[in-house]
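Here is the structure we will look at, set down as structure tokens.
The values are calculated or read from the model by the stated rules, or taken from the named source; none is laboratory data. Note that the structure is predicted; figures quoted are calculated from it, not measured. All Cβ positions, glycine included, derive from the backbone under ideal geometry; neighbour counts span all protein chains shown.
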Amino acid sequence: METKSVKAFGAAAATAPLDGLQINRRVPGPHDVEIDILFCGVCHSDLHTARNEWHNTVYPVVPGHEIVGKVVQVGDHVKQFKVGDLAAVGCMVDSCRVCEYCKQGLEQYCEPGNTLTYNSPDKYLGTPTYGGYSESVVVDENYVLHVPEGLDLAAAAPLLCAGITTWSPLKHWNVGPGSKVGVVGIGGLGHMAIKLAKALGAHVVVFTTSTAKFDDAKRLGADEVVLSKDPDQMARQHRKLNFIVDAVSAQHDINAYLACLRVDGTLALVGAPELPLPVAAFSLIPQRISFSGSTIGSIAETQEMLDFCAKHNITADIELINIQQINEAYERMLKGDVHYRFVIDMKSLKN
Ligand code: NAP
Ligand code: ZN
Ligand code: ZN
């Protein structure tokens, strides 16, 4: 297959800092869109993967799955995009298209497994897929999103993962007016969950380990903010909530949050810590509580979320960085010191 070499930034090993490297992109086929990347958000999954915390990383790895850019080439059969259009790519660039879930428009749960934007087997090149910390990307048009008019492009990038990953469970569990929703952890995902749940009409209770984030939580839309380390504040939320989105990236006591749910309440985990989280039987049994999980969202659902965000003027709160600052950004992310998503200005890759 014909390829072209492009600049990227990635990790050569779990303990290596990210650095410049060259990767191959396929020359666009009949159904492909080639996108020059303008902005790429920095997700905690990028860090988990770069450091092999999920024990499945193939090196070198080029992270990045919150991609916004401009279409520079389209294949002959491409119908939905033309050269010059804005376009976005999230966490998934392909799926089998024929399984029960793909046919239902749930391709994020594709039975043989979807192709993730990075660190997945690339169907075309036989290498792993390489993500958005790069000059350009080539994706089948069915897995490319339209960026609605009016959204700030850098601040819209995090919608492609942080946005859809929190939107999907909020919609699946019917969050709306009358819902009392908990959001655990104010990071990239958590801050989007607050904005989206509020815009859907819910009463939003935010749990954080950091008093320094209280004012921001309110500004982002929280009706109540709880310091999760304070047992008295936690006790006040006992059996108060219908639904909780847990977006914490590290070990934490899940039972403390299950205790905040009402009968038939659900806690959906979107955070993906490296180690298992112990759940006590009696955190679930007496109130018929569900402990669940959710991954990203479908392509159609991602477009729906982008359109909702454009209508409600919702984007991420971001700190724009150059690619050369990525290792420092990872260290700050580990300390919870992100307000509330780093986004890379990809023109810095040309430096
Ligand atoms: P992030 O920006 O680093 O935010 C994580 C937040 O979790 C922190 O800001 C902090 O919030 C809280 N936290 C961190 N360490 C903690 C600890 N030891 N105890 C309690 N709270 C802690 O990360 P992100 O990008 O939002 O990603 C969050 C998680 O979701 C990651 O594990 C990521 O891999 C996962 N993820 C999953 C999916 C999916 O499809 N399910 C998609 C994307 C990301 P406070 O300071 O407010 O306490
Ligand atoms: Zn992500
Ligand atoms: Zn499938």
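In this entry, G113 is excluded by the filter for residues that are away from ligand 3 (no atom under 16 Å from the Cβ) and either touching a Lys or Arg at 6+ places or on another chain (Cβ under 7 Å) or in the same structural domain as P30 (by TED's automatic domain parsing) (or both). Close Cβ contacts (under 6 Å, 6 or more residues apart or on different chains) running from residues in the stretch 146-175 that are touching a residue at least 40 places away in the same chain (Cβ under 8 Å) and farther than 24 Å from G84 by Cβ to residues that are more than 16 Å from ligand 2 (Cβ to nearest atom) and in a helix (DSSP H, G or I) comprise L170/A197; V175/A197.
Which residue is nearest to the chain's Cα centre (by Cα), if the candidates are limited to the stretch 106-122 and must be free of Cβ contacts under 8 Å to residues at least 60 places away in the same chain and more than 21 Å from V58 (Cα to Cα)?
Step one: of the stretch 106-122, the residues free of Cβ contacts under 8 Å to residues at least 60 places away in the same chain are 110-117, 120-122.
Right, trim to more than 21 Å from V58 (Cα to Cα) and you get 110-111.
Numbers: C110: 18, E111: 21 Å.
The selected residue is C110.
Under the condition of being among the aliphatic types (A, V, I, L, M) and not in a strand (DSSP E or B), which residue from the stretch 340-351 is nearest to ligand 3 (Cβ to nearest atom)? So, considering only residues that are among the aliphatic types (A, V, I, L, M) and not in a strand (DSSP E or B), the one nearest to ligand 3 (Cβ to nearest atom) is M346. Go through the stretch 288-303 and give me each residue that's in a loop (DSSP other than H, G, I, E, B) and either crowded, with 16+ Cβ neighbours inside 10 Å or touching a Phe, Trp or Tyr at 6+ places or on another chain (Cβ under 9 Å) (or both). I289, S294, T295, I296, G297, S298 - these are the residues of the stretch 288-303 that are in a loop (DSSP other than H, G, I, E, B) and either crowded, with 16+ Cβ neighbours inside 10 Å or touching a Phe, Trp or Tyr at 6+ places or on another chain (Cβ under 9 Å) (or both).
In the stretch 215-240, what residues are without any contact (Cβ under 8 Å) to a residue 24 or more places away in the chain, within 24 Å of the chain's Cα centre (by Cα) and within 10 Å of ligand 1 (Cβ to nearest atom)? Correct list: V225 only. Yes or no: E224 surrounded by fewer than 20 Cβ atoms within 10 Å (Cβ to Cβ), away from ligand 3 (no atom under 16 Å from the Cβ) and assigned by TED's automatic domain parsing to the domain that holds K103? No, not satisfied. Looking only at residues of the stretch 304-339 that are touching a Pro at 6+ places or on another chain (Cβ under 9 Å) and part of a helix (DSSP H, G or I), we find that the one that is nearest to A193 (Cα to Cα) is C309.
Might you check whether a residue that is surrounded by fewer than 23 Cβ atoms within 10 Å (Cβ to Cβ), within 16 Å of ligand 2 (Cβ to nearest atom) and in contact (Cβ under 8 Å) with a residue 60 or more places away in the chain occurs anywhere in the stretch 123-141? There is no residue in the stretch 123-141 that is surrounded by fewer than 23 Cβ atoms within 10 Å (Cβ to Cβ), within 16 Å of ligand 2 (Cβ to nearest atom) and in contact (Cβ under 8 Å) with a residue 60 or more places away in the chain. Selection of the stretch 179-220 for residues being among the small types (G, A, S) and either touching a Pro at 6+ places or on another chain (Cβ under 9 Å) or farther than 15 Å from T166 by Cα (or both) yields S179, G188, A193, G201, A202, S210, A212, A217. C260 versus (1) over 19 Å from the mean Cα position of the chain (by Cα); (2) surrounded by 15 or more Cβ atoms within 10 Å (Cβ to Cβ); (3) not assigned by TED's automatic domain parsing to the domain that holds S179: which is the lone unmet condition? For C260, the failing item is (3). On inspection, A268 qualifies as in contact with a Gly (Cβ under 7 Å, 6 or more places away or on another chain) and either surrounded by 21 or more Cβ atoms within 10 Å (Cβ to Cβ) or under 23 Å from R341 (Cβ atoms) (or both). Taking the stretch 135-148, which residues are over 18 Å from the mean Cα position of the chain (by Cα) and among the hydroxyl-bearing types (S, T, Y)? Once the filter is applied, which keeps residues that are over 18 Å from the mean Cα position of the chain (by Cα) and among the hydroxyl-bearing types (S, T, Y), the stretch 135-148 yields only S136. Is it true that L86 is surrounded by fewer than 24 Cβ atoms within 10 Å (Cβ to Cβ), away from ligand 2 (no atom under 16 Å from the Cβ), at pLDDT 95 or above and under 19 Å from G188 (Cβ atoms)? No.
When G336 is tested against (1) within 16 Å of ligand 2 (Cβ to nearest atom); (2) of a type in the set (G, A, S); (3) in the same structural domain as G150 (by TED's automatic domain parsing), exactly one condition is not met: (1).
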